[in-house]
Amino acid sequence: MSTSTAPAPGIFSRHHLRTTVGTTALVFLTAFESLAVTTVMPIVSADLDGRGAYATAFSATLAASVLGMVVAGGWADRRGPARPLLAAVATFGLGLLAASLAPTMGAFVAARFLQGLGAGGISVTLYVVVALVYPPPLRPAVFGVFASAWVLPSLVGPPLAGLVAESIGWPWVFSGVLVLVLAAAALVLPTVLRIPAPAAPARAGSPGTRFALAAGVAVAVVGLSSAGSTGPARWAVAALALAVLVVCVRPLLPRGTLSAQHGMPATVALRGLLAATFYSTEVYLPLMLHERFGVPVWGAGVVLTAAAVSWASASAVQGRLGHRLPHALAVRIGTVALLAGVLVQVATAVLSPAGAAGPAAAAAGWFVAGLGMGFAFPRTTVLVLELSPAGAEGAGSAALNTSDAAGGATALALTGLLFGAFSTLSGWAAFAGTLPLCALLAVLALLVARRVRLPAAHGVAAPVSQGTH
């Protein structure tokens, strides 16, 4: 008598279909929002007379996402992901509505803060959903689908957002994303609501203490972003805000993260540096191409599309390579490519080639940077999930995404200070003086990448593909 073992259900089987479709729809939503907002910000800042708060509109969102991540991560570990996901989607949708109705740049920044709260909660709870619903052999496939979910919005999102903003107005960009929020929620929530709460949730410290620390991070980042408006005291205010930021963020990260100790700490630190480098460079590309080279907003969006497509493609490639491409090598390849792409942007800003050479160089360089992120970024995700204790996936994911958001927000705030200071000199100096800081962050990322590895006790893990941002 012979027996056979039935294959485990795939991610698109009847057992997992609704969860896969719903979570992928939310990834699609966050991808479209991220790319669309970055594309239309030159028009928004001009319309609301908010050039001085250009970087704050991005850093405030990332700062708020730290709050959302910490709250949602702990909540999901204690009660399961359903309720925090519902709250995160509702908050994100409210932020989109407020942005579409914003009469001033201050109101717009406040709306972006709400979007950050919601987006942070969504990102962490999706990680928890993957950890709780899918067995380990299926997780690479899930994150591969998430990577694919970035391809379509990366192809149509930036050009479409630019066309909408220039034809019927930028508020409609946010209204359109709000429709996607409601559609994605309708798909995913019925399934997620059936996920049971953990029987024995892991303890990750006092929720009140972690919330206070996350709030301190958010306030410090906003203060750092706003330091440029404090006149002669701007650098003293910035130094104080940066000190508060370090004090508050340190307990939210694994011990040894700020010194990039081997293993989990270095992995989390690398995630922050990757985000800091990529985000702080990307937000200035549409503005540079639009103001310095006369590229229309939709055309500048195509440059963002190039990076998003290369990110998703490289993520899928490294996933197919499997353990034939070790984690340590993947992150080093990725950070080298990211550094190369950022250096091209620095050269474009400093040398200012005439005609179409500048935009073409920027597009090619940012395509290479996207490749780098596609190789390095997913490996930080799989490492943290594998190194997190059972029942603490939410806390591990929150730490990873907190580093992501805090690193990106801090870099945006610092580059915003430099951008404001150099803007008083000339348009050329604004970009030529700011982008070298982004290159320095890429160099630091490369140094930390040398300390990232999976401990031998964990064996060889299958890599995970993941979408951008």
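The values are calculated or read from the model by the stated rules, or taken from the named source; none is laboratory data. A quick note: this is a predicted structure, and the numbers were derived from the prediction, not measured. Heads up, the Cβs are rebuilt from the backbone with ideal geometry, glycines too, and the neighbour counts pull from every protein chain shown. Accessible surface areas use protein heavy atoms only, side chains included; no ligands, DNA or RNA. Shrake-Rupley method; radii C 1.70, N 1.55, O 1.52, S 1.80 Å.
Restricting segment 321-332 to residues that are part of a helix (DSSP H, G or I) and over 23 Å from the mean Cα position of the chain (by Cα), which is surrounded by the fewest Cβ atoms within 10 Å (Cβ to Cβ)?
Going through segment 321-332, the residues part of a helix (DSSP H, G or I) turn out to be 321-324, 327-332.
Subset that is over 23 Å from the mean Cα position of the chain (by Cα): 321-324.
Working: 321: 14, 322: 12, 323: 11, 324: 9.
Restricting to residues being part of a helix (DSSP H, G or I) and over 23 Å from the mean Cα position of the chain (by Cα), the top hit is 324.
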**Asked** Which condition breaks for residue 390 when tested against (1) at pLDDT below 70; (2) crowded, with 24+ Cβ neighbours inside 10 Å?
**Response** (2)
**Item:** Candidates 281, 335, 348, filtered to the one that is surrounded by 24 or more Cβ atoms within 10 Å (Cβ to Cβ) and more than 20 Å from the chain's Cα centre (by Cα)
**Value:** 348
**Request:** May I ask you to list the residues in segment 54-74 that are part of a helix (DSSP H, G or I) and either touching a Phe, Trp or Tyr at 6+ places or on another chain (Cβ under 8 Å) or free of Cβ contacts under 8 Å to residues at least 40 places away in the same chain (or both)?
**Result:** 57, 58, 60, 61, 62, 63, 64, 67, 70, 71
**Asked** Of 57, 46, which residue is modelled with pLDDT of 80 or more, within 30 Å of residue 169 (Cα to Cα), open to solvent by 20 Å² or more (accessible area, probe 1.4 Å) and small (Gly, Ala, Ser)?
**Response** 46
**segment 242-261, residues that are touching a Leu at 6+ places or on another chain (Cβ under 8 Å) and at positive phi** = 260
**Asked** For segment 253-272, what are the residues that are assigned to a helix (DSSP H, G or I) and among the charged types (D, E, K, R)?
**Response** 271
**Asked** Failed condition for residue 34, given (1) open to solvent by 20 Å² or more (accessible area, probe 1.4 Å); (2) on the phi > 0 side of the Ramachandran plot, with all others met?
**Response** (2)
**Fill in**
Wholly inside segment 82-165, helices (runs of 4 or more DSSP H) that include 2 or more residues that are at pLDDT 80 or above and closer than 27 Å to residue 70 by Cα are 82-100, 105-133
**Prompt:** Of all residues in segment 395-444, which are hydroxyl-bearing (Ser, Thr, Tyr), open to solvent by less than 10 Å² (accessible area, probe 1.4 Å) and more than 18 Å from residue 272 (Cβ to Cβ)?
**Reply:** 434
**Among the candidates 275, 306, 316, residue that is part of a helix (DSSP H, G or I), open to solvent by less than 10 Å² (accessible area, probe 1.4 Å) and touching a helix residue (DSSP H, G or I) at 6+ places or on another chain (Cβ under 6 Å)** = 275
